[in-house]
Amino acid sequence: MATINGKEYPQLAILKMTSQLRTLMTIIRNKDTKRNDFIFYSDRINRLLVEEGLNYLPTREKVVQTRTGETYVGSEFVGKICAVPIIRAGLSMQNSIREVAKRIRIAHILIQRDEATAKPIFFKDWLPDDIENRFVFILDPMLATGGSANETIRSLKLKGVGEDKIIFINLVAAPEGIEAVLSAYPGIRIITAEVDQGLDENAYILPGLGDFGDIYFGTD
């Protein structure tokens, strides 16, 4: 549970701000950071976020024999996972989830923000036929107004995915976006690295870091 502006959000998890994470966040926010460094350190943060997301998947007991001949009572994950990056910026996060989740299906959804209205525009999705039977990790580094996230969740629910199976993994969030998503879909979970001050008059996150997709893919 996390508290934002005096309001408690049971479904929101914010990474513990360790000295390592603070340093990584400082590097990617710095306007003077070179693109190759931005990519490298963003990927490091994304792996931390994915690892945290995996903590919320269900497990069951599993007993194995160790190489010493002894018995170890452990656990194993239950269910299949599908990662759904929101194109384009969300594509920057899919390598990180592949590195820590060996058997995972990658799907995609194309939603873009109308810069004039800050509203999401849905174009197309590419989802597996069994999406309703999977736990879904939505991937998008920036949570501003929450419009794209809400449109993605709406699309997933239309395909039969329950809110309790949806985890939205995000790098930087605005309080307005968190409120918009969790008020509309209180059953999902949001995992973020840091919550910023809020949005400016153009619905950009402050202090933010700029257009994540443009920096990561070299189109700024």
Checklist entry - So for Ser183, Ser96, Ser148, Ser19, fewest C-beta neighbours within 10 Å to most, what's the order? => result Ser19, Ser183, Ser96, Ser148
Checklist entry - How long are the three semi-axes of the equivalent ellipsoid of the range 18-83, in whole Å, if each is the root of 5 times an eigenvalue of the C-alpha gyration tensor, listed from largest down? => result 37, 15, 10
Next on the checklist: Test of understanding: ordering Tyr185, Tyr204 by Cβ neighbours within 10 Å, fewest first, what list do you get?
Outcome noted: Tyr204, Tyr185
Checklist outcome for this item: For the chain, longest principal axis from Cα atoms; helix 35-54 axis from its Cα atoms; angle between them, nearest 10 degrees, is 50 degrees
Checklist outcome for this item: Full extension between Asp37 and Asp129 adds, at 0.36 nm per residue less the Cα distance, a length in nm of 29.4 nm
Item to check | Helical mean residue ellipticity (222 nm; -39500 (n - 2.57) per DSSP H run of 4+; nearest 500) of the chain | outcome: -9000 deg cm²/dmol
Item to check | Helix axis angle, 175-184 relative to the chain longest principal axis, alpha carbon, degrees | outcome: 60 degrees
Checklist entry - Using the alpha-carbon atoms, what tilt in degrees (0 to 90, nearest 10) does helix 147-158 show relative to the longest principal axis of the chain? => result 40 degrees
Checklist outcome for this item: Cβ density ranking, 10 Å radius, fewest first, applied to Thr192, Thr71, Thr59 yields Thr71, Thr59, Thr192
Checklist entry - Using 0.36 nm per residue, how much length does the chain from Glu70 to Lys16 gain when fully extended, once their Cα-Cα distance is taken away? => result 15.9 nm
Checklist entry - For Gln112 and Val100 in the same chain, what is the full-extension length gain: residue separation times 0.36 nm, less their Cα-Cα distance, in nm? => result 1.5 nm
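Any read-out appearing in this document is the output of simple, stated calculations on the displayed coordinates, not a laboratory observation. Bear in mind the structure is a predicted one, so any value in this text is a computation, not a measurement. Backbone-built Cβ (ideal geometry, glycine too); neighbour counts: all protein chains shown.
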